[in-house]
1. Just to be sure before I move on: is residue C:253 within 14 Å of chain B (Cβ to nearest Cβ), buried (at least 24 other Cβ atoms within 10 Å of the Cβ) and in contact with a helix residue (DSSP H, G or I) (Cβ under 6 Å, 6 or more places away or on another chain) in the structure I sent?
2. Any idea which of B:77, B:72 is within 19 Å of residue B:177 (Cα to Cα), within 9 Å of the chain's Cα centre (by Cα) and buried (at least 24 other Cβ atoms within 10 Å of the Cβ)?
3. In this structure, is residue B:143 buried (at least 19 other Cβ atoms within 10 Å of the Cβ) and either under 19 Å from residue A:195 (Cβ atoms) or in contact (Cβ under 8 Å) with a residue 60 or more places away in the chain (or both)?
4. Before we move on, is residue C:143 surrounded by fewer than 23 Cβ atoms within 10 Å (Cβ to Cβ), part of a helix (DSSP H, G or I) and either more than 13 Å from every other protein chain (Cβ to nearest Cβ) or in contact with a helix residue (DSSP H, G or I) (Cβ under 9 Å, 6 or more places away or on another chain) (or both)?
5. Output the number of residues of the stretch C:301-324 satisfying the condition of being in contact (Cβ under 8 Å) with a residue 12 or more places away in the chain, within 13 Å of chain B (Cβ to nearest Cβ) and either assigned to a loop (DSSP other than H, G, I, E, B) or surrounded by fewer than 24 Cβ atoms within 10 Å (Cβ to Cβ) (or both).
6. I need the full set of residues from the stretch C:122-138 which are over 14 Å from residue C:82 (Cβ atoms), without any contact (Cβ under 8 Å) to a residue 40 or more places away in the chain and either more than 10 Å from chain B (Cβ to nearest Cβ) or assigned to a helix (DSSP H, G or I) (or both), in order please.
7. Among the helices (runs of 4 or more DSSP H) lying completely within the stretch B:170-259, list those that include at least 3 residues that are more than 14 Å from chain A (Cβ to nearest Cβ).
């Protein structure tokens, strides 16, 4: 019995040591000692020794959240995205969902088919407000086209495994004229999309897949442009050496990694001091805690950069609650942030990952089935909400997490269908 | 088992069928499975979003089985643990570790498959041993012990792999996408795992020891069983099945992401499937065939929800209600039978 | 129970007695104290009354939720639906109130009624359908969240009015010469004392503990076991609503508010020496456990440890604390 207990303690001690080694601090020793104090003394000593040893060798990960996952980074793409921001889109004026940047038109006559059509849509999930607004907009777009007789939607609830099975089922049912896919994870969905391409035309949007087989891929400029726009605004409006907190949602998601990659580069070039890089899980409460602690720790925070805006208002409120002046901040095109911005006259910008791309997916799919030319990839413009056009995007009566860049204002049943009430 | 005596000298056909099922130890959950299957067909016929019945489509039927593979394999392991009156919440994280580890270690090279698989199984065994040791030797409640181990696994995973590079070689994806005749290899693997689980639990001495430990650890100990070893072994088995599930998932996804296990809800769903399948949380009862039925119920629900186009949030509500009702039906029934 | 009997046979030297007195104190208080000192050591500003109250305001929801969870835990059950109830409270509260300050009071009442209903369902399913509470509340976890999201269509609708949010965010200005005395801290104290009285000073608590310790004996001694169990679930769900009101107030409307809270409350309660499967538990210790967890998060943040490692450290500490408790209870037998 006794040796086993020691063994187990050793196990815990070794694990602790590994942790401390990664953290690069000696501080956990006390903890280990604390917990072990009641038990066998040798074990505790042993533990402390290992911990110290490990601490000496530990180089320390430091600010792990700050690291950019190399797999998701390409300087070439970054530069290209920044260039695309200033390219004038082609296509009908005032309808960004119908526009494209530097199009490369492809022929789709091979897919041409007589209507009416059945559209099938494999959705990664409607598990966040951005996707909810997008999906609502998509349904509204479907309703605009009488030639789409049926619209079959299957929801993978954020589960790759399930989305693969969903796509297989849709293809197997033989009812679909075209398959639209919004992949949950780029790499994971690639085989399923490749398989589907063999039976029917596929349109992919939002996140991509690593294959050229889809008829077209609809995507705004992307994460680099988002991250760059926000960071550049912060850098332009803050003095050298200003203290900035960067808030991210979670690691390992390509569309989010690119946002941070671009921002990080800007901050380095422009001499902005990023004092904290933290993951807030998109949770208001956590974000508020992170900002409150940062203010306490550094006395003053001048700017906040975010890779997604859903928690922007919580971040701003943390400044209010601490009695601090408002930071220079970037949010996203959520109503609550835009309203807060307008009411308090913030120095802010809202880069977007526009929800109108959900409309474009339907439009593109329809063009493919009608044998019209489509750009591949269909690069959508990615406008930002700025001080100049803020008033145009503030829509009283819309829900707090409605995304203003939905391109849905002129669609039937706006605003009720999107959960809003007609403004006074 | 023979609590209900035949009502008359000439038992009805239903009564005889019931008796037949009971004699062969068919878990009552198969009744629920059949009911849900029939309901699914009816709903599809009346409310289906397309004109075709899924029951007539062989690919969709096969896919119901394929949907069960990931959850099914790990649920078999969870059954072992739960028969021993323990529980394992760390499986979801172990699946993530396996998936990320596999794509990182294999790095697309077919030559590295075998030793990677070996390494991952060793990792699984170690995690199982840790779980088992914490629970049996340090007497930590299994819920907390495995939750803690899960948190540690998640932390180490995310801290070690700052980028989730690599992928499994195409040859390894045969596991998920290959077929033998009409039967997918993965489904075959699932059945083999279930069969092996059944054999170990019902035909080997270890199985009866595990039931004894789950039934009453005190009695088992007094009758000379080394209960710690028996239960630790169950945890090792469970972790190994989690690794196998992780390998299946990564072979299906080509590359592992650290959220595949937790987003798949493999921890709570494997427990739910096992309980629906008739394994009691208090241990000592149940078996892998019931668990298989529990897993199939989830897959049929998934397919049915897709076929009749139910909203994602309604799905959650229905899933929750069905879990409660299925288990409620089961426990209620067994209580009634006991008198 | 038979806690301090080990040393009676040996010499009663002063040192030994003092040592035993220390031993009798729940170790969670030491853990919390060490963490408290440590955090202050890393960040001296932490001890400024304003900053400390801000911290308490942040810790209040988890502490209150943990106290609620303790009632279910000591009765021998689990409540996994806590996090979902919190999320749904925030989402549904925002839909119902829709930024109308006049609606706040009836909305809070309606939410509490909802909590009551969920607790009743949890309790009834557990006691009458005999579904294990782990599974029953797991089902409820899916359902409660599903209902909230279904009602709102997946994204939050409407805002929480300021007088709703004040409970989690606001404070009494200038009280005791402070910048702000948070309402959340007042709520925390009220519920802390109330729950302490309920579990440790009133007959109800004694019966609940007896029930968790030995349901058969409790039933034979005339305790209405089913009613007691249901009441524990009701208490926990309604506490979750209170926690939701505080968290929604602090952070605003979000669908992530309650994510993961169920396991955090259980871990905090266990850290405070609550025995799973019933029979033993203490409200102050469990709340100290929750405080310790929050302190731990703050500390790990101050140390600059990356978030993934924070998970791991949290896991280690929970295991170590429970192992210690299990070990010391066995030794004292």
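1. Working: within 14 Å of chain B (Cβ to nearest Cβ): no; buried (at least 24 other Cβ atoms within 10 Å of the Cβ): yes; in contact with a helix residue (DSSP H, G or I) (Cβ under 6 Å, 6 or more places away or on another chain): yes.
Against the criterion (within 14 Å of chain B (Cβ to nearest Cβ), buried (at least 24 other Cβ atoms within 10 Å of the Cβ) and in contact with a helix residue (DSSP H, G or I) (Cβ under 6 Å, 6 or more places away or on another chain)), residue C:253 does not qualify.
2. Numbers: B:77 fails: within 19 Å of residue B:177 (Cα to Cα).
The unique qualifying residue is B:72.
3. On the way: buried (at least 19 other Cβ atoms within 10 Å of the Cβ): yes; either under 19 Å from residue A:195 (Cβ atoms) or in contact (Cβ under 8 Å) with a residue 60 or more places away in the chain (or both): no.
Considered against the rule, which asks whether it is buried (at least 19 other Cβ atoms within 10 Å of the Cβ) and either under 19 Å from residue A:195 (Cβ atoms) or in contact (Cβ under 8 Å) with a residue 60 or more places away in the chain (or both), residue B:143 comes out as no.
4. On the way: surrounded by fewer than 23 Cβ atoms within 10 Å (Cβ to Cβ): no; part of a helix (DSSP H, G or I): yes; either more than 13 Å from every other protein chain (Cβ to nearest Cβ) or in contact with a helix residue (DSSP H, G or I) (Cβ under 9 Å, 6 or more places away or on another chain) (or both): yes.
Judged against the criteria, residue C:143 is not a match.
5. Step one: list which residues in the stretch C:301-324 are in contact (Cβ under 8 Å) with a residue 12 or more places away in the chain, which gives C:302-303, C:310, C:313-314, C:317-318, C:321-322, C:324.
Keeping just the survivors that are within 13 Å of chain B (Cβ to nearest Cβ) gives C:310, C:313-314, C:317-318, C:321-322, C:324.
Those still in the list that are either assigned to a loop (DSSP other than H, G, I, E, B) or surrounded by fewer than 24 Cβ atoms within 10 Å (Cβ to Cβ) (or both) too: C:310, C:314, C:324.
Summing the residues that are in contact (Cβ under 8 Å) with a residue 12 or more places away in the chain, within 13 Å of chain B (Cβ to nearest Cβ) and either assigned to a loop (DSSP other than H, G, I, E, B) or surrounded by fewer than 24 Cβ atoms within 10 Å (Cβ to Cβ) (or both) in the stretch C:301-324 gives 3.
6. C:125, C:135
7. B:185-203, B:205-215, B:217-222, B:227-253
For (1) part of a helix (DSSP H, G or I); (2) free of Cβ contacts under 8 Å to residues at least 24 places away in the same chain, each residue gets a yes or a no:
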residue: C:40; (1), (2): yes, yes
residue: C:52; (1), (2): yes, yes
residue: C:59; (1), (2): yes, no
residue: C:64; (1), (2): yes, no
residue: C:70; (1), (2): yes, no
residue: C:76; (1), (2): no, no
residue: C:87; (1), (2): yes, no
residue: C:105; (1), (2): yes, yes
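The values are calculated or read from the model by the stated rules, or taken from the named source; none is laboratory data. Source: prediction; values computed, not measured. Glycine also receives a Cβ, built like all others from the backbone with ideal geometry; neighbour counts cover every protein chain displayed.
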